[in-house]
Every structure is written in structure tokens, then in C-alpha cells.
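Readers should treat all values here as calculations from the given coordinates under stated rules, not as data from a laboratory. In this text, all values refer to a predicted model and were calculated from it rather than measured experimentally. Cβ sites come from the backbone with ideal geometry, for glycine too, and all protein chains shown count toward neighbours.
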Amino acid sequence: MRFKGLKFFIVKFILITFLYSCSDSEKAEDDVVNNPAKPVNVYIGGIDGNSGVVWINNKKTIVSNSSPVFNKTVVNDIYVENDDVYVSGYEFTANNNFVGRIWKNGLNFFVYNHTTTVGNYAYSPFFVKNGDAYYIYEDNHRSYSTLFKNYTEQALLDDEILLSGYCTSIYENNNKTYALVNGIGTSKYIAGHKTDLYLWENGTLKLVAGGQQLSIGFDVFVKNNDVYIAGHEDGEGENWRDKAMIWKNGIPIALTNGSLKEGYGYAKKVFVDNNDVIHVIGEQIPKTNNFHRHRYWKNGVELNFVAPGSEVTFKSIKGINNDIYIVGSEKNEKGITVAMVWKNGVGTALTDGTADAVATSVYVK
């Protein structure tokens, strides 16, 4: 069922989510965590110039264009099942029309254009189970988003609970599918048009956070039946600022305090390791300027591993065998963004800095 968007919260939502459209949606990596004897493979999706690319253990492969009509490819998310590597993204034509796709082992696997040849695309969150693709589908005007299994729409919206909503993240764990929905509830339509955060679990939609304060979730992760959500909510008072938040089983934990001094805060991705340590990446916008400072929190404490003054982005985070991988980009002295991976805080460049590039997603197994 479609989520029909309402104009009054679309603009803010788009601005916040634009740089983080690569929400990860993998099945938990529990099968290989704490097994140091087994070799670890690191799969990274991203963009290098006009090409969508995959790095496997830092070796680059270019994702093939499905047709000469398309002159640019974007990879947003990556998933691995068995020995098959899947990436989701979209392709652009010369006049900037685009169509969403999933590639399997570098070749076109699944096309998201349900109604038209060009012009619709898939939002990045997806996973694959037994060869079936589960993904978020959204049109290019962002007027609705839905969860699909291959070409079959999954009923996310309960008309008695929600008037409208957007699905931003999906996750599969122990044969359960979880989806985040940021929506306007029926009881909130008159009172302030606030957006509330809902969790869809195998067909059941329930409220996580909302009410008087706007609450938005960006990423969901499940570990040992505990559900972790990264997002933000409105600050309190006249001079409020958005607060970076995580919710564990619906219990809120603030990562920033929403003060004027700290500025706007957003938690974008969450990962929980086998020691129940919560790892979060996000960003903060100080009061004094619009510079986005990307941040990493470990159990609520910010850790900084980049040089002062560096312009970096953090896009995705995963872990295995007590190692934490963060991918994104760093701007070099020429002003060109270099795709990066940080393992336990130590950075490695994936590109040579001759063209703008960014690593958008990571998967380890």
C-alpha cells in the first residue's frame, strides 16, 4: 500500500535524508561475528565519478550500465547472500531521468520501474533472502514509498493509524521483517501536523515515538530480539534544535541535547556488536555555520578519529570480530572527495582523488 506524502513535512524530511539515502538493511552478521579463524570479506558499494562501483577487499569492480542510454550509475546499498553480491541504486540518462535497479554480481538483476520506463526509482534500503529482493520503492517526486517483495507490495499502512508516511529503513532478522515508517497519525492531523515514528514488524504497525515532538527514524537494527532505531526528534523550548536519538525497544536515548551550543543533531546509522556495544554514526550542524560535522558515538560517547579540520562524511557502519568499519568520504587538498573506509578508526582511501567519489554502504561477512 502506498504512503501518500503531505507537503508540510516533505521539505524538511528531504533536506535531512538527502545525503543519507543509502540506509543499510542487511540481515544481522551474527553467523560470523566472533569467529576470527574465518577470513573476513569486506564489501563496499559506492560511486566513483559517473560509475557505480563495488569494492571487495578494496579491489574495485565497476557496475555495468544496463543500456548505452544511461550515462551515470549510482550505488546506494549493498547486500551479500551466499557468494552473490547485490547492490541497489539507479541509472541516469543524459536529461537526468533515472530508473532504479538492483545488480547481482555486477549485472542487472531486478528493475524497479513498475509503471514507466524511466522516471521512477527505488529508495536504497533492501535485502535479499533466498534470491528474493525486499526493497523500498519510491517515485522521483517522493510522493509515496512502499515496501515490496520482488513485484508484490507489502501492506505497511494501517489507515486507522496513519494518514500518510515514508518508509526509510528495512531489516530482516530471524525470519522477521522490520520497517521504519515516519508518518502522520490520524490523531495528530489537526494538532500540529507532527510526524511520528512507527515500527512495522511482520504486518503489525506500532508507535515508537511522537506526540508533541516531531520524531523521525533513519535506520533500524535488530540484535537478540532487541530493536535499535537511529533518528532524531525536535528539541524542547523556544530555541530548540533537533536532537540525535536512538531508541532501544522504544526507550529513547539522546546523543545530543538540542541546545543552541550543540546545534542540530541527527543519528543516521546504528550497529550493535556481540558485546551489546551500540555504535552510531550521524551528523551535527553547529549554530555558528551550516558545516555538517559527521560524528561517531560508541555507547553514547563521541569518538573522533579524523584530523581536525578534515571534511569527512560517514555513510554506513558495520562490524565483525570486534572490528568496526565505517565508510564515506574525505575531501583532499584539491577539494575532491575521496572514497574512504575506516577500520577501527584507521582510514584507507579507495580512490585516487582524481574524481569525486564516495563509499555509500558496507557489508562484512
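Structure data summary
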{"read-out": "Mean Cβ count within 10 Å, highest first, over the residues of peptides 50-56, 102-108, 264-270", "value": "264-270, 50-56, 102-108"}
{"read-out": "Protection proxy ranking, peptides 247-256, 211-220, average beta carbon neighbours within 10 Å, highest first", "value": "211-220, 247-256"}
{"read-out": "Residues with amide H under 5 Å from that of Leu255, placed H, sequence gap 5 or more", "value": "Ala244, Met245, Ile246"}
{"read-out": "The stretch 241-365: Rg to Rh, with Rh as the Kirkwood radius over Cα pairs", "value": "0.98"}
{"read-out": "Linear extension gain, Val69 paired with Asn108, 0.36 nm per residue minus alpha-carbon span", "value": "12.6 nm"}
{"read-out": "Calculated from backbone phi, Karplus (6.51, -1.76, 1.60) coupling profile of the stretch 249-265 in Hz, x at Gly/Pro", "value": "6, x, 8, x, 9, 8, 9, 10, 9, x, 7, 4, 5, 7, x, 6, x"}
{"read-out": "Under-5 Å amide H pairs with Lys269, H placed in peptide plane, nonlocal only", "value": "Ile281"}
{"read-out": "Stokes-Einstein D (µm²/s) once Rh is taken as the Kirkwood radius of the stretch 218-288 over alpha-carbon pairs, at 4 °C in 1.567 mPa s", "value": "105 µm²/s"}
{"read-out": "Residue-by-residue Karplus 3J(HN,Hα) for the stretch 298-305, coefficients 6.51, -1.76, 1.60, Hz, glycine and proline x", "value": "10, 6, x, 9, 6, 10, 10, 10"}
{"read-out": "Length added when fully stretched, Ala254-Trp240, from 0.36 nm per residue minus Cα-Cα", "value": "3.6 nm"}
